[in-house]
Structures are given as C-alpha cells and as structure tokens.
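Read through the structure below, which is laid out as structure tokens, and then see the notes.
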Amino acid sequence: MKRLSIVICMLLTLGIAGAARAQSVSQCVNDDERYVVILSMDAFRWDLADRCNTPTLDSLRRVGVYAETYPVFPSNTFPNHYSMATGLHPDHHNIVNNGFYDRTLGRDMSVFRLSDTRTPDFWWGDPIWNTLERQGGVAHIYMWPGSDVEIGGRQASIWTLYSSKPSYYERADWVVKSMCGEAEDSRIPNLVMWYFEEPDAILHKYGPDSDEVLPTIEYIDTVLAYFFREIRRSPVFDRINFIVTADHGMAALSPDRYINLKGSIDDSRVVRVVNGRPLGIEVEEEYLDEAVAALNGIDHITAYKRDAMPEEFHYGTNKNRITNLLVLPETGWSIDYSDRERLPSGGAHGFNPFDRDMHMVFFGSGPMFRKGCEQRSFQDLNMYIIMCYLLGIEPSANDCSWDDVKDMFVSDTE
Ligand code: AMP
Ligand code: ZN
Ligand code: ZN
C-alpha cells in the first residue's frame with residue numbers, strides 16, 4: 001500500500017479549519033487505497049426484509065450481491081462475529097459460545113464481562129483489523145465483538161467500548177465522519193466495522209414471526225437510507241465496498257416446546273451444567289456413554305459426545321472450553337437442566353446453523369461487487385476472506401472457503 005503520499009497530505013492539512021478539511025482530505029486521496037465498510041445487524045434473519053417496507057435493503061439487493069448466509073456453530077452472537085472477524089471456526093478462535101467454563105482457569109466466563117474478555121489467551125486468531133493494520137492499513141471499529149480488547153498485542157487505530165446507548169443515527173454519523181477523514185486521527189480508514197444490536201432484542205421478545213418486530217425492521221431500513229445518503233460526502237465514496245450482514249437468524253419458541261432434562265440422567269454423576277444453546281453438561285467420564293444414550297431416548301433433542309460431534313459443526317476439539325456432553329434441541333425447542341421450570345416464549349437462536357430459521361442476510365455493493373447477483377449461500381466465517389480480498393491484503397491462517405465466495409466479485413475482464 002502506498003501510504004507516503006497520504007502522510008504528506010495529512011501533514012499539509014494540519015491546522016486547516018474544519019470547513020476546509022473535507023476538501024483537503026479529498027485532494028489527498030490515494031488511488032491505490034481500498035475501502036470496506038461492513039455493518040452487522042444482529043439476528044437479521046433472511047426473510048425479515050420481505051415482510052415489510054424496506055426500500056433501502058431492496059435497492060442494495062438490486063445494485064449488488066445478495067446471499068442468504070448461515071452461521072457457524074453455535075449460532076450465537078460472539079462466536080459468529082468473531083468468526084467473521086477471523087475466518088476461523090469457534091474451536092479455533094476460542095470463543096466457543098457467549099458463555100463457557102474454562103477448565104484451565106477453573107471458572108465460568110462470559111463474553112459480556114470485560115474482566116473476562118481481557119484475560120490473557122481469551123481470544124485466539126488474527127482479527128481482520130489486526131491483519132490489515134499489520135500490513136499498513138487503517139481500521140476504525142465501532143463495537144464489533146472483540147474490537148474493544150487487545151488481541152495478539154494490538155488493536156485497531158480507533159475502537160470504542162460497547163454500549164447499547166448511541167442511537168443508530170449517531171452510529172451512522174460516526175462511520176460517515178470516519179470515511180470523511182473527520183475522526184480523531186483524520187486518516188480515512190480502509191476498514192470500518194459497525195454494529196446494531198437490533199433486530200436481535202425485539203425478535204427475542206416477540207418472536208421472529210410476530211408483527212411487533214416489523215417497525216424495528218423498517219426503522220433499520222430508514223437509518224440505512226440516511227447512512228447511504230450521508231456517506232456520499234466521503235471523498236472516497238465511489239471506491240467503498242459496502243457489506244450489510246448479520247450473525248445468525250432466530251426461531252420462534254413456545255411454552256409447548258419445553259423439556260427439562262433434570263431427572264433424565266443421574267444427577268450425582270453430573271459435574272457441572274453450562275447453560276446456553278447447546279446446553280453443556282460435564283459428566284463423569286465413565287458415565288458419558290450411558291448419559292448420552294439416556295438423553296437420546298428423549299424426543300426433540302440430540303445429545304452428543306464432545307469428541308463425536310457431526311463433522312459439519314467443526315466443533316468439539318476445543319477441550320478446554322467445551323463440556324464432554326452437549327445437548328442440542330430441535331430448532332424451536334427449549335431445554336433446561338434445572339430445579340424450576342422456565343417456560344419459554346418469544347424467539348431464540350443457537351440452534352442448528354443449517355436450519356433455515358438460523359439463516360441471515362448478506363448484501364454486498366460497491367465497485368468490486370457484481371451487480372444484481374444472487375450468490376449461493378455461504379457460511380459467515382468467509383467474511384474474513386471476502387474482506388481481505390476487497391482490501392487487497394494477505395489473509396492470516398483461516399478456515400474460509402474461497403470457492404464458496406469468489407463468484408460474487410467483478411472479474412478483471414468485466
Ligand atoms: P445474544 O443474543 O445473547 O447472542 O447477544 C446479543 C447481545 O450481545 C446484544 O443485545 C448486545 O447487547 C450484546 N453485545 C453485542 N456486541 C457486544 C459487545 N461488543 N460487547 C458486549 N456486548 C455486546
Ligand atoms: Zn447475535
Ligand atoms: Zn440474541
């Protein structure tokens with residue numbers, strides 16, 4: 001990457017008043033630089049936009065690439081966002097779920113506790129912002145899981161602590177400022193990653209098939225209309241490749257689809273229970289086969305030995321953070337191992353990533369994406385290799401499949 005001219009231009013623009021700044025930045029734009037802006041809308045299931053008025057997403061679909069993507073296992077927020085960031089399956093990046101028991105440390109850990117996420121060795125892999133900056137690029141990351149801690153001794157040039165407080169308009173303004181060279185360090189970043197926690201929250205509350213969720217979907221679309229209007233101010237607008245995507249889908253729950261597993265196996269031989277989807281149960285090793293067989297006698301659930309998970313889940317080699325027994329309910333079913341019943345309602349994720357309820361959206365638009373292209377489904381961890389390609393950087397070791405995504409780009413001959 002040719003950065004020298006940018007540095008010289010930045011030095012020249014120092015001290016120039018704000019009003020003149022955007023123009024100065026535009027004069028400094030280096031034609032070799034590549035730009036990617038990626039937004040994750042948590043739990044934006046594949047069918048949500050079709051159920052209400054979403055002119056912005058509809059037009060993104062027309063002008064670029066659309067795909068129905070699917071999550072890595074388990075289909076939860078942190079494993080998936082960090083798989084998109086690293087191109088690795090959760091076994092390999094160490095964020096095996098939102099919460100887990102760490103055998104070496106001997107305690108439960110949560111991705112939602114900063115004191116846990118800042119523990120040495122908490123994260124593995126090389127997130128895209130570090131891959132990029134090591135090769136001379138600049139990343140500004142706005143609340144993408146994993147961006148608010150040092151990983152491998154480094155962090156993006158600009159990052160923010162997670163907070164659900166800023167409105168989505170404020171977040172859009174943050175990105176626009178960055179891409180206009182108006183952020184703290186006044187360099188236009190090659191990569192911006194940003195995040196909305198909706199529609200996840202509303203889908204959990206009312207369930208994905210309810211009408212109550214539709215105003216939130218339309219609100220997101222309105223924010224996106226604002227964003228795509230404002231971002232045109234960026235002096236590099238014509239060269240930005242945009243991705244709008246999500247981390248998993250959502251399935252409807254029902255109080256009629258609930259199973260409490262307590263009493264189905266010998267509780268005295270259970271060492272610990274790790275709540276979540278999948279439900280983790282650590283049992284005495286000599287009792288493992290018997291416990292798996294007993295649980296598999298129950299309808300609507302599948303019990304797995306950690307060491308014999310289906311190959312397509314790529315899950316179970318991370319022995320430090322995964323219990324020796326895992327129970328996955330059928331999509332839409334809730335399970336518990338508890339003394340009290342907790343009847344479910346609303347929606348949830350964490351189910352089999354290959355079930356369509358867990359699938360989500362991918363929109364890619366900009367100079368390097370084909371126009372009006374329906375791309376076949378691909379797994380979200382490939383976002384890493386997509387971003388590396390768009391940025392023109394060398395990827396670190398990853399689990400991505402280039403064959404699954406390579407057709408979405410404009411070829412050199414087009
Ligand atoms: P879940 O539905 O439990 O898989 O997680 C979704 C929730 O994760 C959202 O509602 C956010 O509150 C939370 N979340 C998302 N990103 C972050 C982050 N970077 N740090 C902490 N919490 C986050
Ligand atoms: Zn999520
Ligand atoms: Zn959620």
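So here's what we get for this one:
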{"item": "Karplus 3J(HN,Hα) series, Hz, for region 318-331 with 6.51 cos²θ - 1.76 cosθ + 1.60 (x for Gly, Pro)", "result": "7, 5, 5, 10, 10, 5, 6, 9, 10, 10, 10, x, 4, 4"}
{"item": "Accessible-area order (highest first, 1.4 angstrom probe) of the listed residues VAL271, VAL292, VAL410", "result": "VAL271, VAL410, VAL292"}
{"item": "Spin-label pair ASP121/ASN260, simplified geometry with 7 Å Cα→Cβ offset, distance in nm", "result": "3.8 nm"}
{"item": "Debye, to nearest 20: dipole size of the chain, +1 on Lys, Arg Cβ, -1 on Asp, Glu Cβ", "result": "1400 debye"}
{"item": "Of all accessible heavy-atom area on region 285-397, the percent that carbon and sulfur account for (1.4 Å)", "result": "47 percent"}
{"item": "Cβ-Cβ FRET estimate between ALA293 and LYS406, R0 fixed at 35 Å, reported to 0.05", "result": "0.20"}
{"item": "Karplus (6.51, -1.76, 1.60) ³J(HN,Hα), θ = phi - 60°, over region 369-381, in Hz, Gly and Pro reported as x", "result": "9, 5, 9, x, 10, 8, 8, 5, 4, 9, 7, 5, 4"}
{"item": "Extended-chain gain in nm, criterion 0.36 nm per residue less alpha-carbon gap, GLU311 and LYS177", "result": "43.8 nm"}
{"item": "Charge-dipole axis of region 156-216 as Lys and Arg at +1 and Asp and Glu at -1 on Cβ define it, positive-most pick from ILE202, ILE158, TYR169", "result": "ILE158"}
{"item": "Between region 53-77 and region 90-152, the alpha-carbon center distance in angstrom", "result": "25 Å"}
{"item": "Per residue solvent-accessible surface (Å²) - the chain, probe of 1.4 Å", "result": "41 Å²"}
{"item": "Apportionment of accessible area to carbon and sulfur, region 40-117, percent (1.4 Å)", "result": "53 percent"}
{"item": "Extension gain from GLU150 to ARG103, taking 0.36 nm per residue of separation minus the Cα-Cα distance", "result": "14.7 nm"}
{"item": "Computed lengthening from THR222 to LYS165, 0.36 nm per intervening residue step minus Cα-Cα distance", "result": "18.7 nm"}
{"item": "Unit charges on C-beta of K, R, D, E only; dipole of region 297-414, Debye", "result": "280 debye"}
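The values are calculated or read from the model by the stated rules, or taken from the named source; none is laboratory data. Just so it is clear, the model here is predicted, and its values are computed rather than measured. Cβ sites come from the backbone with ideal geometry, for glycine too, and all protein chains shown count toward neighbours. To get the accessible areas, we keep the full protein, side chains included, count just its heavy atoms, and leave off ligands, DNA and RNA. Shrake-Rupley method; radii C 1.70, N 1.55, O 1.52, S 1.80 Å.
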